[in-house]
Amino acid sequence: MPFVSEQVQSVASQQLSKAETIKLRNKHIGQACKLFYRSDPLKIVRGQGQYMFDEEGVRYLDCINNVAHVGHCHPEVVRAGALQMATISTNNRFLHDELVQCGRTLTSKMPPSLSVCFFVNSGSEANDLALRLARNYTKRQDVITLDHAYHGHLQSVMEISPYKFNQPGGAKKPDYVHVAPCPDIYGGQFTDKLYPNADLGALYAQPIADICERQLAKGQGVAAFIAESLQSCGGQILPPAGYFQAAYQAVRRTGGVCIADEVQVGFGRVGSHYWAFETQGVVPDIVCVAKPMGNGHPVGAVVTTPEIAQAFHDTGIAYFNTYGGNPVSCAIANAVMRIIDEEQLQQNAQQLGEYLLRQCSQLKQEFESVGDVRGMGLFVGIEMVSDRETRSPDTQAAHWLVNRMKQLHKVLISSDGPNDNVIKLKPPMCFNHENADEFLLAFRECLTTLRQEQMQARAMEAATAAAAAAAAADAAATATNGVIATAAETLANKTKLFERQDRLIKSV
């Protein structure tokens, strides 16, 4: 691995203690920037493959980092970036092979109609540009998004992210943004329990069609429908079959375009396909990619049709992004895509994902607190509930599991979803069978301990309730006895009074 000695020296030369790092972070970094494990944050100083290491050398199994797609500090990615950085890094107004090769490789993974790229630095930038392309092409402004969706931190994409604007303190949703239900068949508006024989894809697509019809009736139409191909922040949501086909048809009938946000789930993570939208048999008009594309390096892209790209060009306003498409970023992205193919990471995601889903489904059979297990490839969600019948979310249990996995087992997982009760698994794609078993063994121990603690808590509650009931009964009995004694005493006094009165009458 390149730079091993430099790595060791860098870690060894860390001068700040963890307490000092926390103190400086609190002083100089905005408090809105949240930490994982805030009560006991991790200080991570090194990464390798599917592992991260803290300042004391403790190794953690990383089950949450879908950014380090091919593994932390993959030597080929590091080598490609370092070599290009040592050669030249400039903007894309100059000809460079890494840029055009990246565009060629990226579009070769897409359906044929998606053949033109714009390079950016992040998923937020990609989604922002996608909205701009859609609005320019359709000459409309209105956008349909999904409840619980997250599309980035720029103002334009915060406006279409209910995951953010629905929080306390969130900005008011603009009138030109329309929110359709999240296609969650376990805990959403239309569930497999309430509608066991229904076409859930059609049911969830109907609100989108309704929005389109209302817009047409007002003479406005829609510019775009944007959706994550699989919702991650929304709780690892897999849309029902046929959903995107019906939704795309409704949007396109009104002249709108369809945007697939693949920032979280692209580049082979779902296993069966390179892109998650392919699992629904649709072809978007615009696709946004980022996070895994750079394996931790900031790079992203928007891929679209020649027609949409030409309409953007016809405005006469050039698109220039200082760092988008720079040679270093493109060299890294080229290395990532090459590694996915050479190391057969997509195939690994499919095989290992099937194993994880089988084993997690077994846990669901054993533990009542596991309400649902769902996923594709190395994108898995485990929904924690307090009552299987009502599917009531158990946020406290999810948080307990996340913390125990980290503290006891040195396994990093996270929770998300509208109720923050869904355990998320989206590890680096080099995750292997041994890692899966390590997670499963640790998670089983946590579920077992959780069940024991919940049983003890219920027993204690029952004992407390019984004690309270007994105390109440004792108090009632005491009160009753007091009343009887008082009545008896009153009766005796009256009897004595009558006897005195009787003796007095006889004496007279």
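Taken together, Asn91, Asn66 contain a single residue that is assigned to a loop (DSSP other than H, G, I, E, B) and in contact with a Ser or Thr (Cβ under 7 Å, 6 or more places away or on another chain), which is Asn91. When the test is whether a residue is of a type in the set (Phe, Trp, Tyr), more than 20 Å from the chain's Cα centre (by Cα) and open to solvent by less than 60 Å² (accessible area, probe 1.4 Å), Phe367 passes it.
Among the residues of the range 171-201, the one identified as without any contact (Cβ under 8 Å) to a residue 12 or more places away in the chain and either under 16 Å from the mean Cα position of the chain (by Cα) or closer than 22 Å to Ser124 by Cβ (or both) is Lys172.
For the range 160-172, state whether one or more residues are modelled with pLDDT under 95, open to solvent by less than 40 Å² (accessible area, probe 1.4 Å) and assigned to a helix (DSSP H, G or I). Yes, there is a match, as at least one residue in the range 160-172 is modelled with pLDDT under 95, open to solvent by less than 40 Å² (accessible area, probe 1.4 Å) and assigned to a helix (DSSP H, G or I).
Every condition in (1) open to solvent by 30 Å² or more (accessible area, probe 1.4 Å); (2) outside any strand (DSSP E or B) is met by Val157 except one, and the failing one is (1). On the basis of being surrounded by 22 or more Cβ atoms within 10 Å (Cβ to Cβ), of a type in the set (Gly, Ala, Ser), touching a Ser or Thr at 6+ places or on another chain (Cβ under 8 Å) and modelled with pLDDT of 95 or more, does Ala205 make the cut? When the stated conditions are applied, Ala205 does not pass them. For the range 378-394, indicate whether the set of residues that are touching a Lys or Arg at 6+ places or on another chain (Cβ under 6 Å), farther than 13 Å from Leu425 by Cβ and of a type outside the set (Asp, Glu) is non-empty. So far as the range 378-394 goes, yes, one or more of its residues are touching a Lys or Arg at 6+ places or on another chain (Cβ under 6 Å), farther than 13 Å from Leu425 by Cβ and of a type outside the set (Asp, Glu).
Inspect all residues belonging to the range 325-343 and state whether any of them is polar (S, T, N, Q) and surrounded by fewer than 19 Cβ atoms within 10 Å (Cβ to Cβ).
No, there is no match, as no residue in the range 325-343 is polar (S, T, N, Q) and surrounded by fewer than 19 Cβ atoms within 10 Å (Cβ to Cβ).
For the range 88-115, the candidate set comprises residues that are within 29 Å of the chain's Cα centre (by Cα) and among the hydrophobic types (A, V, I, L, M, F, W, C); within that set, the residue that is surrounded by the fewest Cβ atoms within 10 Å (Cβ to Cβ) is Met110. Across the range 32-57, the qualifying residues are those that are over 24 Å from Ala398 (Cα atoms) and assigned to a loop (DSSP other than H, G, I, E, B), and the one among them that is least open to solvent (accessible area, probe 1.4 Å) is Gly57. For residues in the range 418-462 being open to solvent by 10 Å² or more (accessible area, probe 1.4 Å) and part of a loop (DSSP other than H, G, I, E, B), which is nearest to Lys34 (Cα to Cα)? Looking at the filtered set, the residue picked out is Asp420. Scanning the range 391-405 for residues that are open to solvent by 10 Å² or more (accessible area, probe 1.4 Å) and either of a type outside the set (Val, Ile, Thr) or part of a strand (DSSP E or B) (or both) yields Arg391, Ser392, Pro393, Asp394, Gln396, His399, Trp400, Asn403, Arg404.
Taken over the range 215-231, the residue count meeting the criterion of being in a loop (DSSP other than H, G, I, E, B), small (Gly, Ala, Ser) and surrounded by fewer than 24 Cβ atoms within 10 Å (Cβ to Cβ) is 2. Once the range 289-308 is narrowed to residues that are assigned to a helix (DSSP H, G or I), within 26 Å of Asn136 (Cβ to Cβ) and touching a Phe, Trp or Tyr at 6+ places or on another chain (Cβ under 8 Å), the residue that is most open to solvent (accessible area, probe 1.4 Å) is Glu307. Taken as a whole, the condition of being within 18 Å of Gly294 (Cβ to Cβ), modelled with pLDDT of 95 or more and part of a helix (DSSP H, G or I) applies to Ala126.
Every residue, every condition in (1) of a type outside the set (A, V, I, L, M); (2) closer than 22 Å to Thr304 by Cβ; (3) out of contact with any His (no Cβ under 7 Å at 6 or more places or on another chain); (4) touching a residue at least 40 places away in the same chain (Cβ under 8 Å), yes or no:
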| site | (1), (2), (3), (4) |
| --- | --- |
| Ile88 | no, no, yes, yes |
| Ser113 | yes, yes, yes, yes |
| Leu146 | no, yes, yes, yes |
| Gln167 | yes, no, yes, no |
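When the residues of the range 173-187 are filtered to those that are open to solvent by 20 Å² or more (accessible area, probe 1.4 Å) and in a strand (DSSP E or B), the one that is nearest to Pro418 (Cα to Cα) is Val179.
The values are calculated or read from the model by the stated rules, or taken from the named source; none is laboratory data. From a predicted model like this one, the values you see are computed outputs, not experimental measurements. As a convention, Cβ positions derive from the backbone with ideal geometry for all residues, glycine included, and neighbour counts pool all protein chains shown. Surface accessibility is based on the protein's heavy atoms, side chains included, excluding ligands, DNA and RNA. Shrake-Rupley method; radii C 1.70, N 1.55, O 1.52, S 1.80 Å.
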